[in-house]
Each structure stands twice: as C-alpha cells, then as structure tokens.
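Written below as structure tokens is the structure these notes are about.
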Amino acid sequence: MIKLSGVIITYNEQEHLRKCLSSLVDIVDEIIVVDSYSTDKTEEICKEFNVTFVQQKFLGYFEQKNFAVTQANHDYILSLDGDEALSDRLKTSILELKKEWKHPGYYCNRRNNYCGKWIRFSDWYPDKKLRLFKKDSGEWKGINPHDTYKLKPKLKSGKLKGDILHWIYRDYDEHKEKVEHFSTIGAKSYFELNISASLFKVYFRPSWAFFKAYFLRLGILDGVYGWRICKQTFITTYLKYSKLRQHWKNSKL
C-alpha cells in the first residue's frame, strides 16, 4: 500500500479548517500545512491534529502549492484547500486507490456550498479537479488567482468517485467582495503575461461567460442562487478585462 501525504495551503482558514483536517485523519499518512502567517486561529486548530505546520510567505496561488508539494515526505500527494473536505464516498475511493495506484494523477468532482446551499449546476458542478497525483508527474500551473495541477504531456489520469466538498462563500456580500479582489489579481496576472484587452473582450467576454453559465451549464436550475452566481460571473469577467485595459493605458503614460 502506498503512503499518501495530505498537503494544504492556508491563510486565515479557521472557519472550515477542522472539517478539512478531520476528513484527512484516517485517509492520509501525514498532513502538511503550509501557512502564509495566518492571524486567526489556523495554527491553533492545526495543533489539535497531527500536522506538520510550515510557515511560508505567500508566493502566489500555484507557486505556493508547488512549494507545499516539496514539503511532503511521501511520493503520493492529496492536495486540498483549507475550505475543502472529502466526502465519505471520496474517502472510500482514496482508500481503495492506496491499495492499487495505477495512473500518475486522479480527478474527482468538487461540489460547492454557496450561501449554505449545495450548488448543482451554474458552471460549478461538476467542478472537475485533479487533486491526487504522484510527485514529479506534473506541477501546479495557471494564471493567478486560479490554479490547476497539470500532468506532464502524454501522461493519463484516472477518475475517482465521490466529491471534494467546498464551502466557497458564506453570503452574497462576501461573494461581491471577493469578485473585486480576484478581478484585480486576474487583471494584473493577465497584464504580466502580455494579454491584450480590446473593447471586444471587455464587452463580449462577460456576456458569453454569463450565457454559458446560466443557460448552457444550466445555472437557471439553481434558482436565485444560480442567478447570483452567474451574475457575479459576468461582473468578474467585466471587471477583470476593464482593469486589464486600464493597466495597458497606464503603461503608455
């Protein structure tokens, strides 16, 4: 049976961290928490569990996760965020996988809890994530604030039954606040990657993002929650490209 390291990056995760760590206790062989100097009770909660607690200045979302992988003692990794936990079905799948690991990496679905409701559609479910992988099979990549684990070319992945449970926003005000924050990070990352921001992108991309999420991905079936999610998808996309356009204007002054 393989040895599995549970790896988590944290910053002020006291609200959901116990759920996260509790779901890992009987599944992984060690838990590594890489914390960006939290100011809440994150470290105190970690002390309740058999956790290796490492403090590291925040490097960026995917950069921090790549660093966290280097802290693991085992060759097989399960990566979670501090506001995520394993469903019972996914726990069973992982225990079975530890007996016979076949692929370099494994996907599962992530189910998002929005304002106390589990979302079924709205481009948020199934939210496919590759979170179990063998070291050196790939690396965390992406454009901040979004990160994804990418396997090396020609490597094939498997699929696990069960969900990662994700508590994303406690209320609509928090959602709006994060939209402002993440659109700023996204615009800066796009600018640093030399991505353009034409007026076409500013006005078309948000409309397409809303249409895809609300109609094609059936967000309409999630009722008022689906409407709010898809509305903020529109706003996030609009703000990101508007702020990106401003970056380009400022660079020419």
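Things worth noting here:
- Those residues of the stretch 151-172 which are in a helix (DSSP H, G or I) and in contact with a strand residue (DSSP E or B) (Cβ under 6 Å, 6 or more places away or on another chain), in sequence order: none
- For the stretch 1-28, taking the residues that are part of a loop (DSSP other than H, G, I, E, B) and β-branched (Val, Ile, Thr), the one that is surrounded by the most Cβ atoms within 10 Å (Cβ to Cβ) is identified as VAL28.
- Residues in the stretch 204-219 that are in a helix (DSSP H, G or I) and touching a residue at least 12 places away in the same chain (Cβ under 8 Å): ARG205, PRO206, SER207, ALA209, PHE210, LYS212, ALA213, TYR214, GLY219.
- Residues that are in a strand (DSSP E or B) and acidic (Asp, Glu) within the stretch 111-150 comprise ASP127, GLU139, listed in sequence order.
- Test: TYR106 is hydroxyl-bearing (Ser, Thr, Tyr) and part of a strand (DSSP E or B): yes
- Complete set of residues in the stretch 192-235 that are more than 16 Å from ILE119 (Cβ to Cβ) and of a type in the set (S, T, N, Q): ASN194, SER196, SER198, SER207
- Near pairs, Cβ below 7 angstrom, 6+ apart or cross-chain, from the stretch 42-70 (free of Cβ contacts under 8 Å to residues at least 60 places away in the same chain) to any residue that is of a type in the set (S, T, N, Q) and part of a strand (DSSP E or B): THR42/THR10
- Condition met for ILE235 (surrounded by 16 or more Cβ atoms within 10 Å (Cβ to Cβ), more than 30 Å from ARG18 (Cα to Cα) and without any contact (Cβ under 8 Å) to a residue 60 or more places away in the chain): yes
Read-outs throughout are calculated quantities, based only on the coordinates presented, and are distinct from any laboratory measurement. From a predicted model like this one, the values you see are computed outputs, not experimental measurements. Virtual Cβ from ideal backbone geometry, glycine too; neighbours counted across all protein chains shown.
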